[in-house]
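Reading through the structure tokens given below for one structure.
The values are calculated or read from the model by the stated rules, or taken from the named source; none is laboratory data. Owing to the predicted nature of the structure, the values given are computational and were not obtained by experimental measurement. Cβ: placed from backbone, ideal geometry, glycine included. Neighbour counts: every protein chain shown.
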Amino acid sequence: MRKILIVGAGQSGLQLALGLQSGGYEVTLMSNRTADEIRSGRVMSTQCMFDTALQHERDLGLNFWESQAPRIEGLGVSVAGPDSSRVIDWVGRLDGYAQSVDQRVKMAGWMETFAQRGGQLVIHGAAVGDLDYFSRSYDLVLVAAGKGELVSMFGRDASRSPYSEPQRALAVAYVHGLGPRPEHPDFDAVRCNIVPGVGELFVMPTLTTGGRADILFWEGVPGGPLDAFQGVKDPAEHLSLTLELMERFTPWEYARATKVELTDAGGTLAGRYAPTVRNPIGRLPGGGLVLGVADVVVANDPITGQGSNSASKCAAAYLAAIVERGEQPFDEEWMRGAFDRYWKTAQHVTKWTNAMLAPPPEHVLNLLGAAGQLQPAADRFANGFNDPSDFENFFYEPEKTSAYLASLSAN
Ligand SMILES: Cc1cc2nc3c(=O)[nH]c(=O)nc-3n(C[C@H](O)[C@H](O)[C@H](O)COP(=O)(O)OP(=O)(O)OC[C@H]3O[C@@H](n4cnc5c(N)ncnc54)[C@H](O)[C@@H]3O)c2cc1C
């Protein structure tokens, strides 16, 4: 039986560990926190996942919360004008629903399942020295430790990382008591509110530790008015600031948020990071090789809500590559091949996400504006969150955007 060590119990590490476990592999999972510590800790993400990524979980029978989590059936875009009115406002319908299950719920639950099924769970914050030692007794070591310190083992790929500094300051608040959008009270949607030059507010439903809730998530251009959460330690103060900024920049969202309260003391998060693509193979001091997984190797800004989706897709790609390898060694060539398989989808996510961080060019503004009159354009944009490779066909080049819009207008 092949022995595999996975460091990091997030979306990718756990999905891979549980998938390999079902396939009869001997898996050791190393986590720097226990399930209880994760469950009672701070929120980590907004973790909205679209149909393709959710399907990978369903394929492994890991969709434990699917019936309880709100079904997100649309994705809306609103753009604020200089007077804080809405100059653009539409919602596209998703072909398959999206869902957000608080990672505190999912990772704690999956970790317990892994242990109950006989998996070896080691609670330890691994250092490079530990990996050096362990790599000798495993056929394969996978580093799925997110954006933590272990990323330093994987060199930055400058050719795929156009930004060297964070492009947004992030501030998340999980709340109860948010009202529906009055224009679409009948279905749940992710709401992306763009405030040009200032940042974005995302609003979405989730399933958290205390049941259904909503998330208010500001992405602020660094140094601008939304970049105000650094040093705010008190969750109540974090929420008041979130609401103040909503009242000022997105009054239509504030109007339904006047009665909200935080879900729990761990329901806020603030931070920032530079989007970075890394070399997928890490070399240990003793000469052993490790393969990086998901955020370790491709960390995009959450502006497009793709990281958990990508983590699921990376875990699925690596699982298939491991199984196909049979009894042959997991050598450097195999590692590169496994990453290339993941990069086939990840490259589209990175390209689109980095484009969305920059000020929108005129043809993108035209597309977003036209989607208000052309429902198929709104639907197509929304479904791009499920499969960002489709943006190649109508988003990046002005000619393709005009041709696409002309084809819709002609119908
Ligand atoms: C504010 C915010 C909002 C987001 N919103 C979305 C969204 O809506 N949709 C979406 O798809 N993505 C979103 N993301 C991104 C998404 O959360 C991540 O991309 C995803 O969780 C990455 O999964 P992962 O498995 O690579 O790493 P993680 O989920 O970060 O898991 C890594 C795990 O490894 C553990 N670990 C770290 N170091 C060690 C160590 N040395 N030893 C042992 N364990 C270790 C960590 O504690 C953690 O449990 C968001 C991110 C942020 C910050």
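In region 125-143, the residues that are over 17 Å from PRO329 (Cβ atoms) form Cβ pairs under 6 Å with partners that are within 14 Å of the ligand (Cβ to nearest atom) and of a type in the set (Gly, Ala, Ser), at six or more places apart or across chains, as follows: VAL143/GLY292. Reported count of residues in region 316-345, each being of a type outside the set (Lys, Arg) and either away from the ligand (no atom under 16 Å from the Cβ) or in contact with a His (Cβ under 7 Å, 6 or more places away or on another chain) (or both), is 18. Across region 154-198, the qualifying residues are those that are more than 13 Å from the ligand (Cβ to nearest atom) and part of a strand (DSSP E or B), and the one among them that is surrounded by the fewest Cβ atoms within 10 Å (Cβ to Cβ) is ARG156.
For region 248-302, give me each residue that is under 22 Å from ALA127 (Cβ atoms), crowded, with 21+ Cβ neighbours inside 10 Å and touching a Pro at 6+ places or on another chain (Cβ under 8 Å).
LEU291, GLY292, VAL297, ALA299
Of all the listed residues (GLY8, GLY41), the sole one being within 14 Å of the ligand (Cβ to nearest atom), small (Gly, Ala, Ser) and either on the phi > 0 side of the Ramachandran plot or modelled with pLDDT under 95 (or both) is GLY8.
A count restricted to region 24-38 and to residues that are surrounded by 22 or more Cβ atoms within 10 Å (Cβ to Cβ) and either among the acidic types (Asp, Glu) or more than 8 Å from the ligand (Cβ to nearest atom) (or both) stands at 2. Answer with yes or no whether PHE134 is over 23 Å from the mean Cα position of the chain (by Cα) and more than 9 Å from the ligand (Cβ to nearest atom). Considered against the rule, which asks whether it is over 23 Å from the mean Cα position of the chain (by Cα) and more than 9 Å from the ligand (Cβ to nearest atom), PHE134 comes out as yes. Taken as a whole, the condition of being within 15 Å of ASP387 (Cα to Cα) and among the hydroxyl-bearing types (Ser, Thr, Tyr) does not apply to TYR318. Looking across region 99-153 at every residue that is within 17 Å of GLN21 (Cβ to Cβ) and among the acidic types (Asp, Glu), the one that is surrounded by the fewest Cβ atoms within 10 Å (Cβ to Cβ) is identified as GLU112.
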